[in-house]
Structures are given as structure tokens and as C-alpha cells.
Amino acid sequence: MRKNTIRVSWSLSVLFLIFQSCQFFKKENKQEQIPSVTIEEKKTEKIGKEELLWTPYNDAAEVTENVGHENERMRYKFIQSKVLDKNEVFTPLYTKVAKFPEEKYNEMRSLVLEQDIPTLQKHISRKKFSYVDLTLFYLHRIYTYELPNETTLNTVLALNPNVLEEARKLDADSEGHHPIYGMPILLKDNIGIQGMKTTAGAIALMENETDDAYIVERLKEKGVLILGKVNLSEWANFICECPNGQSAVGGQTLNPYGRRVFDTGGSSAGSGTSVAANYAVAAVGTETSGSILSPSGQNSVVGMKPTIGLLSRTGIVPISSTLDTPGPMTKNVIDNGILLDAMRGFDDNDEKSVQADWEERWYAKEVSLKGKRFGAFKNYIESDSIYRATMEKLKIAGATIIEFEPPEVKFDGFLSILNIDMKNDLPDYIETHVKDSNSVLVHDVKDVVAFNLKDSLVRIPYGQARLDGILADTTSIEGLKAIKQRLKANGRTYFNVPMSEYRLDAVLSINNYDAGVAAAAEYPALTIPMGYKNSGEPINLTFIAKQYQEGKLYALGAAFESLTRARKIPEAYMD
């Protein structure tokens, strides 16, 4: 490993250590498993005479440095997880990753970093490297940056111990397979996969074992290599007014463009940061309202929030069966389309699932920006210089930009959709997908609230106001139905009026600024790197269109991406 970035013991003698897992949980009164010892309280441990790969540290100085951060949600109470032992995550694959030659890594850097899937497949077919090499390349980067406490993004929660064996079983090239074949992918840790825990970042689900989510089944059918699980805003950001990217299980996810400087966005924070830092070809996130668009914008990656129902939600820890959806997060538009396509399929167990029989490579159509008509929000043009400059670039490319003010519509009641859906959907998920009721001892939101209160410093350091709000919401079934119908209609009015009046190909927003309205409308949104502020903070342009127009968004997005080439790899993660 590169000695300028690795600051942990990588001596060959460690290869022969016998790792004895630290026991974090014990049964109390045979009713509840709770942390018996937190990571901070543990002394630096030795196994025999050898050091562990990772040792906990005191994050008090870093927390203190963020006390006065201009963004109140970045005034952290903790950074390092109090319960996750990274040795348990990294030791199983350590021996094999440590043997990956530095020369091979350096040889592959220019062939892999920031390259799209078609390019990677071409290199593999020409035998420049193998699927095993590609997997080891990304693991090398994860170990290099995630083990040292000075560079970690706290983004990797679990690694697939069988991923190298799975890679070895793949054919020499992807001919005859889906383009996603052999690509190492990371999953947000609310997406179920057999053999790895699915925690949603919550200690209440820390031992949750499930089968594969529907989208994971589709990915595996196509030969995807699931590299591991990444951190998220706990309960997909529906627990408190917390910092984005924090979870009791994973700690505080950090932004590779500025650790503790820039917000990660949420809730798919780990998916965004891991893709930005080139820890995998791509990652899968989830969104209810902004949870793909927000971290994609904050981490300068491409994110698609698809039409509700295009991708199955079965096997994903829920907030809202009305608005939840998984979606792809990638470094470029073509990869995003490839990953979305690989996850598609009609799911009998998801009442919103739709069958989209689209032609092969529907996501890869080429269009010119010349003659295209885009709606630009007047207030964004007035307030954001990068957005304003981007509109000028589109005009120069031949597009017509129509400035507009959206119609005024009411969105009161949105929170009740999330409250009542989660109150109903979480018990159904636990009953249907949790394998061991002795490991997951909560059955509904009320149980989770009670569980958290038994150790609030570890489990809910920022409180659980949103969970409390779920229990306090008394919206009736009839009332909820009316809210859903009204907000869906209002959301569509918000976009349809300017789209129809000005014959728009898409509405152009920023990051997740209009994510809530797109969620209510159940419309797709594609966000693409647009540039960087003077501070270095990323910012994205977001394309919004009508239902099932994902292919149109990809064509427009690819043309925009080709025009601007805005994305840059984070400087601290370039080696």
C-alpha cells in the first residue's frame, strides 16, 4: 500500500494474525442486546504481539473544531462510530488485498479512475486487467483511505468477504452479458442482501439479517459484484434534525471534497461519498424526498431518482411505500443508465411496480442540445452564479432557456405521508424480511423509540424528534388518502404548467432544491455535476421530467455532461 497514505500496520507478519472479534453486544434479561462496551472505551488492543488493522481514536478535537460551523447541521456531537469495529469489517479480506501489487495498482490507475463502464469492459476484454484485478483495485483504495483515521470518510460499513471468489468465477469478458457484468457495486445499508447485515444505520437493526432485496436479485442475475455496504443518514434521515450522513452504527460520514468542511447531503451519504472517492464503479442509494439528489449534488456525482414504481422497493428498509425508491449513483451518465437498467423488473410483491419493456440500451440515446427547450427558475438565476452561467452555456450550445416562476401550490400534509406510511410499513418490513426475531427485538416505531431511550447517548445523540412525530401523528386513513391525492396533483401542477405553456423538454433545478415536489409528483429527476463554488463545494444541475421519461433525461444529461465535463475527482483522493 502507498506509504504516504497508509498510517496503520501493514507488516507481513499481520497476515498470520488470528482475529478474535470484539464482542459488542450482550444479552440483558434475555430481552435486549445493547452495547456492553463502546469503541471509545476500549483500550488499544493487541492480538498476540500484533496490532489490529485499526484502532479507535478520540474524536473530541475534531468535534470541537466543528462547534462553530456555519452550517448548524454540521456541528457534530461525534464523528467516530461508538459501536462499529472496523477490524471486523476489514480483517477478512486483508490478506488478499495486502498482496495486490503496488505496481499493478499504479498501472491500472489511469485505466480505472473516473472511467465509465464501457471503457472498463473494453480494458477487461483486451486483458489489460481482470474482474478480480478491478475488485482488488477498489478494495485497495478503500483500505488505503478508510483505515487511517486522518482520511476515513466513515463510509464503508461492511465488505463482502466472498467478493474475490465471486469475481474469479466470472468469464474473461462481458460479451453476451449485460454491461453491468463484473462491476463492483456498493449498496446503501438499508438495502437487504444475504450474508451482510442491513442496519439502516440504527443500532436496533444492527444484527438484522435478510435475504436479497428484489433489486439485488436482479443485479446478481446480471453478474454484478456486490462489494459491500455503505453508511447513510440513520433511518434514511427520518429520525431527527441530525447532521446529514450520521448514523449510530456508522458514525459521521464525511465529504471527500472537504472532510468536516462540506455537508455530505443525505440520506444516501455513503453512496455519494464512496462514488466520489472512487471506491467502486457505482453505488445504489434510496430516496423518499431528496436522499439521492442531495448527496449526489454535494459529492459531485450523477444521481437518478426514478419514477416511483420503476424499481422495486421490496427488501429495503422503508420510510414510505408511497414515495420510496432506490436509484443509481455514478460518476457519469452512461453508468447511471446501465445500473438503473440492471435493477429493473416487475415485482409482484410491490404494489407500485410497473413493467417497462424498453428496448435494449434505451438509456444510451444521443441527442443534441440544439433546439431543446429548458425551463429555468427565475429565483435560481438571480441567486446562483453557477446556475446562471450554466444557462448561458446551454444557450451557446443552441438550447432555448425560458425563465419562469412556478405556480403557487400548497404542500401541507407532506410530513403526514411519511409519518403514517412509516408507522405502517416498518412493522410489515420487520415481519416479512427479518430472519431472526431474537436479533431484532423491535417490531414497530414505538419499540424503536423505547429501545433508543435506554441508551440515548449512544443510540440517539441528536434525539429522535421525527420518530416521536410519527407516534404523535393522528392522521386518519381517509385523511391520508386525501393528502396523497392532493399533493400528487399539486406536484404535477407545479411542473406541468410551465412544461405545457413553454413546451419544455425538462425543468432545470439545483441539487435537491425541488426534490420534495418531484417526489409528490412521482416524477423522475437526474442530477449531474455542474461545477464548484469558490470554496470548492460541489454543485449539480438537476433535470426533471414527467413519469417514465428516464431515457429522455439520460439523453439530455449525457449531452450536458459532454458539454461541460464539470466533475473533478476530490484532490485528497486522487492517488
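Since every read-out is calculated from the coordinates, none of them should be taken as a lab result. None of these values were measured; they are calculated from a predicted model. Using ideal geometry, Cβ is built from the backbone for each residue, glycine included, and neighbour counts are taken over all protein chains shown.
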- Under unit Cβ charges (Lys, Arg +1; Asp, Glu -1), what dipole magnitude, rounded to 20 debye, does the stretch 12-362 have relative to its Cα centre? 700
- Task: Output the peptides 97-109, 550-562, 181-193 sorted from most to least packed, where packing is the average of other Cβ atoms within 10 Å over each peptide's residues.
- Result: 181-193, 550-562, 97-109
- Task: Apply the Karplus parameterisation 6.51 cos²θ - 1.76 cosθ + 1.60, with θ equal to phi minus 60°, to every residue of the stretch 549-555 and state each ³J(HN,Hα) to the nearest whole Hz, in sequence, with x for glycine and proline.
- Result: 9, 4, x, 5, 4, 5, 5
- Query: Just how far, in whole angstrom, is the stretch 49-102 from the stretch 418-444 if you go by their alpha carbon centroids?
  - Reply: 30
- With Cβ to Cβ distances under 15 Å as the rule, what net charge do the other residues near Ser267 carry (K, R +1; D, E -1)? 0
- Query: Residues with beta-carbon under 9 Å from that of Tyr279, excluding Tyr279: net charge, scoring Lys, Arg +1 and Asp, Glu -1?
  - Reply: 0
- Of all GluC sites (Glu not before Pro) in the stretch 252-359, the ones in DSSP coil with at most 10 other Cβ atoms within 10 Å are Glu351, Glu359
- Using label points projected 7 Å from each Cα along Cα→Cβ, tell me how many nm separate Lys77 and Ile396, to one decimal. 4.9
- What order do you get for 393-400, 472-479 when each peptide is scored by the mean count of other beta carbon atoms within 10 Å, highest first? 393-400, 472-479
- Query: Of the beta bridges DSSP finds with both residues in the chain, what % are antiparallel, to the nearest 5?
  - Reply: 70
- Message: Could you derive backbone 3J(HN,Hα) for the stretch 514-521 from the dihedral phi with the Karplus parameters 6.51, -1.76 and 1.60 (θ = phi - 60°), listing whole Hz in sequence and x where the residue is Gly or Pro?
- Response: 10, 5, x, 5, 4, 5, 4, 6
- Everything considered on the Cα gyration tensor (a ≥ b ≥ c; rounded for a/c under 1.5, else prolate if a/b is larger than b/c, else oblate), the stretch 468-570 must be described as oblate
- Quote the FRET efficiency, to the nearest 0.05, computed for Glu403 versus Asp575 with a Förster distance R0 of 35 Å and r equal to the Cβ-Cβ distance. 0.20
- Item | Two-site label geometry, His177 and His443: point separation in nm, points 7 Å out along Cα→Cβ | 4.4
- Task: Pop out the ³J(HN,Hα) list for the stretch 281-290 in order, Karplus 6.51 cos²θ - 1.76 cosθ + 1.60 with θ = phi - 60°, rounded to Hz; leave Gly and Pro as x.
- Result: 4, 6, 9, 9, x, 9, 9, 10, 7, x
- the stretch 424-466: trypsin sites (Lys or Arg not before Pro) in DSSP coil with no more than 14 other Cβ atoms inside 10 Å: Lys435, Lys454
- Message: Starting from the 7 Å offset along Cα-to-Cβ, what nm value, one decimal, do you get for the label separation of Arg565 and Asp468?
- Response: 5.3
- Task: With a ≥ b ≥ c taken as the square roots of the eigenvalues of the C-alpha gyration tensor of the stretch 331-392, please select rounded if a/c is under 1.5 and otherwise prolate if a/b is larger than b/c or oblate if it is not?
- Result: prolate
- Message: I need the peptides 233-241, 160-168, 115-123 ranked by packing, meaning the mean over residues of other C-beta atoms within 10 angstrom, with the highest value on top.
- Response: 233-241, 115-123, 160-168
- Built amide H within the under 5 Å cut-off of Val230, gap 5+: Leu157, Leu187, Lys188, Asp189
- Item | Links that overshoot a 23 Å alpha carbon limit, given the list Lys352/Lys435; Lys305/Lys352; Lys188/Lys378; Lys229/Lys484 | Lys352/Lys435; Lys188/Lys378; Lys229/Lys484
- Fewest-first ranking of Val449, Val517, Val67, Val112, using other Cβ atoms within 10 Å as the exposure measure: Val67, Val449, Val112, Val517
- The residues Thr542, Thr253, sorted from fewest to most surrounding Cβ atoms within 10 Å, come out as Thr542, Thr253
- Query: Arranged by the count of other C-beta atoms within 10 angstrom, fewest first, what order do Ile319, Ile420 take?
  - Reply: Ile420, Ile319
- Using only helices, what value at 222 nm comes out for the chain when you add -39,500 (n - 2.57) per DSSP H run of length 4 or more and divide by the total residues, to the nearest 500 deg cm²/dmol? -10500 deg cm²/dmol
- For Asp211 and Ser368 in one chain, what is 0.36 nm times their gap in residues minus the Cα-Cα distance, to one decimal in nm? 52.2 nm
